[in-house]
1. Restricting to the stretch 1-13, and then to whatever is crowded, with 16+ Cβ neighbours inside 10 Å and not aromatic (Phe, Trp, Tyr), can you tell me which residue is nearest to the ligand (Cβ to nearest atom)?
2. Kindly provide the set of residues from the stretch 33-48 that are farther than 12 Å from Cys9 by Cα and surrounded by 13 or more Cβ atoms within 10 Å (Cβ to Cβ), ordered by number.
3. Select from the stretch 14-53 the residues that are closer than 18 Å to Lys4 by Cβ, in contact (Cβ under 8 Å) with a residue 24 or more places away in the chain and within 16 Å of the ligand (Cβ to nearest atom) and list them in ascending order.
Amino acid sequence: MAAKKHFHCKDVGYDCNWQLEGNSEDEMLPVIEKHAAEVHNLTHFKDQAVEHVLEAIRRNG
Ligand SMILES: [Zn+2]
């Protein structure tokens, strides 16, 4: 069984304690996108932001 993946909002520079645990990046991205829209008013999740998120998840292993 694969290890869980983790994302912390502060990994991408927000002063925010929100974090997420998931099984895959594909599963996590829409949830992160929703959080970014609702809490950080980031309504259009640009490709560069997606890349930062994916890098952060990979870094956390
Ligand atoms: Zn956040």
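1. Here is the first cut: in the stretch 1-13, the ones crowded, with 16+ Cβ neighbours inside 10 Å are 5-7, 9, 11-12.
Among the residues that remain, those that are also not aromatic (Phe, Trp, Tyr) are: 5-6, 9, 11-12.
Details: Lys5: 17, His6: 14, Cys9: 3, Asp11: 10, Val12: 8 Å.
Among them, the one singled out is Cys9.
2. Ala37, Leu42, Phe45
3. Correct list: Met28, Leu29, Ile32, His35, Val53.
Where a number appears in this text, it was derived from the coordinates with a stated rule and is not lab data. Everything quoted here is computed from the prediction, not taken from an experiment. Every residue, glycine among them, receives a Cβ derived from its backbone with ideal geometry; neighbour counts consider all protein chains shown.
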